[in-house]
Each structure stands twice: as structure tokens, then as C-alpha cells.
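All remarks here apply to the structure that follows.
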């Protein structure tokens, strides 16, 4: 028995970035949305329009704030931003493409893939450091809202940390969790704990069309 239902969380990755296809390591690099990214969240805004939302939370970076604002507008809500929900910091790699990293820091990409749990770029973070700032903030939000629908707009790494925490998935398997631009994860809390109902890749990703947005099981 799951017990009585508590809050329902729509954990969403931001829309496509303005440098999509050019820059791989955005991290704290403050890039905005592409036209496609804006369209993705305009469609999501329509999908969420008929649902009563208690609050919308977001990272304080532009790509998440702009995305969250498009969902918040029809509800008259102001997204609440947390620096703790920023993406993993890539330090010296911030804003660089894969080719640039390979040229400037030879061998480090291979080193990262060999030890994804402990590797950090100079000036950057490990996934454990990311988890240490993200999970307590997420838990505080859940504690504030025993009932109701919440939206959190964050980043691929942040969302993977939250989902892995709830599902007890170790760091080395984080990238088995798909997180597309505009992908919606749905987490339903019960008296006995959370249930991850939807992972935000594949059919629940919004591709800038209103019909696609209707696929999201909001209720």
C-alpha cells in the first residue's frame, strides 16, 4: 500500500540552448535558449495551463529561468530560483566544445569517462559535490509542499542526481537516465515515499508542437 498521495513534482530539463550543437560543456556558463528551446516551453506552457500549480522552482541560470517563466506566465506565478540547482560546474571546460577540450586538455575526457564518480575538471565539481548541494534543496522543497503540483526546471545533471537519489542509482550509472531538452520527469509522493512515474526522455519530450504536449499525463 502506498498510502495517501502527497505532492506531485514535474521535474523538467530546460529547453534547447542557443549554442546547442556547438558547445558541450555549459555547466555554469550562462547561455540562453534557441528559438527551438523557446518553442518547446511555449508548448509546455500550454500543456500545463489547465493544471493548478502551487509553485515553480528553477536554477538561477538563464536557460532555466527563461524556460520556467514560459510555464509560470499563464498561472501568474513567479519562478523561485536557487543557485543550488545550477548544473554541474565544469570549471576550466566551461563553454568549450568537445574538440576544444581535447585540444586544450588532452587525455582528460578519457580520464573523466574512466572515473565519472570522482573526476572533476580544474575549478569544477564532482558529481558527489553536485549531489551534496542539489538533494538537500530538493528535499526542502518537498517538505514545504505536502500536497499540490510543483514544477522544477533544472538541468540534465541536476535532474539525474535527483532521480538517481530517489531510485538509489549509483553515480557510475547516472547517464543511463535519459534527459532530453524539455523532457518531463514525473515524481508522485505518497505516505510511503516517492514513485518515479515518468523519465523525461523519449515520448514525453516536447518537440515544439502543441499536439506533442498533450501526451504529458498531467493528471
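Taking residue 145 as the residue in question, decide whether it is touching a helix residue (DSSP H, G or I) at 6+ places or on another chain (Cβ under 8 Å) and surrounded by 15 or more Cβ atoms within 10 Å (Cβ to Cβ).
Answer is no for this residue.
Run down 158, 142, 171, 135 and say which single residue is within 12 Å of the chain's Cα centre (by Cα) and at negative phi.
That would be 158, the only listed residue that is within 12 Å of the chain's Cα centre (by Cα) and at negative phi.
Test residue 164 against the criterion of being crowded, with 19+ Cβ neighbours inside 10 Å, under 21 Å from the mean Cα position of the chain (by Cα), free of Cβ contacts under 8 Å to residues at least 40 places away in the same chain and assigned to a helix (DSSP H, G or I), and give yes or no.
On the way: crowded, with 19+ Cβ neighbours inside 10 Å: yes; under 21 Å from the mean Cα position of the chain (by Cα): yes; free of Cβ contacts under 8 Å to residues at least 40 places away in the same chain: yes; assigned to a helix (DSSP H, G or I): yes.
Judged against the criteria, residue 164 is a match.
Does residue 15 satisfy the condition of being part of a loop (DSSP other than H, G, I, E, B), buried (at least 18 other Cβ atoms within 10 Å of the Cβ) and out of contact with any strand residue (DSSP E or B) (no Cβ under 6 Å at 6 or more places or on another chain)?
Criteria not met by residue 15.
Can you name every residue in region 30-49 that is surrounded by fewer than 19 Cβ atoms within 10 Å (Cβ to Cβ), out of contact with any helix residue (DSSP H, G or I) (no Cβ under 9 Å at 6 or more places or on another chain) and touching a residue at least 40 places away in the same chain (Cβ under 8 Å)?
Matches in region 30-49: 36 only.
Within region 66-89, can you find the residues that are under 14 Å from the mean Cα position of the chain (by Cα) and either in contact (Cβ under 8 Å) with a residue 40 or more places away in the chain or in a loop (DSSP other than H, G, I, E, B) (or both)?
If the condition is that a residue be under 14 Å from the mean Cα position of the chain (by Cα) and either in contact (Cβ under 8 Å) with a residue 40 or more places away in the chain or in a loop (DSSP other than H, G, I, E, B) (or both), then 66, 67, 68, 82, 84, 85, 86, 87, 88 are the ones that fit.
Do we find that residue 182 is surrounded by 17 or more Cβ atoms within 10 Å (Cβ to Cβ) and within 12 Å of the chain's Cα centre (by Cα) in this structure?
Against the criterion (surrounded by 17 or more Cβ atoms within 10 Å (Cβ to Cβ) and within 12 Å of the chain's Cα centre (by Cα)), residue 182 qualifies.
Bear in mind that the values in this text are calculations on the coordinates, not laboratory data. Since we're looking at a predicted model, the values are computed, not measured. All Cβ positions, even for glycine, are placed from backbone atoms using ideal geometry, and neighbour counts span all protein chains on display.
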